[in-house]
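Input: a single structure, listed below in structure tokens.
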Amino acid sequence: MKNFAVIHVKINLIICKMKKTFNIKGMHCSSCAKLVESELEDKVKKIQVDAVKGIAIVEFDERKISEKEICNIIVNLGYTCS
């Protein structure tokens, strides 16, 4: 009977996780914040939008979506983004 060696290969995935605060102008209420959140929530890992401060704190995988793409989505909703 032959001896068989089992080789275990461990694969480490590199996660390209970014966290960025985007400045958004033109939001006036919590409905504006919810609109931005709902438009991005399935494209990013985490998003928090504050209409009063005019910011969105976004955690995202830059292999799936870029900062520019996030800003473009916000601009297409009628706000400015930087």
Given points 7 Å out from each Cα along the Cα-Cβ axis, report the residue 20 to residue 46 separation in nanometres with one decimal. 1.8
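If you average 1/r over all unlike Cα pairs in segment 17-81 and invert the result, what Kirkwood radius do you get in angstrom?
On the way: mean 1/r = 0.0878 Å⁻¹.
Evaluated over segment 17-81, this radius sits at 11.4 Å.
Say the cut-off is 20 Å between C-alpha atoms; which of 20/46; 17/53; 17/46 go over it?
Numbers: 20/46 11 Å; 17/53 24 Å; 17/46 11 Å.
Pairs exceeding 20 Å: 17/53.
Provide the gained length on full extension for the span residue 57 to residue 38, in nm with one decimal, where the gain is 0.36 nm per separating residue minus the Cα-Cα distance.
5.5 nm
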Distance between Cα centroids, segment 16-57 to segment 61-79: provide it in whole Å. 10
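Where a number appears in this text, it was derived from the coordinates with a stated rule and is not lab data. On a predicted model such as this, the values are computed, not experimentally measured, just so you know. Methodologically, a virtual Cβ is constructed for each residue, glycine included, from the backbone with ideal geometry; neighbour enumeration extends over all protein chains shown.
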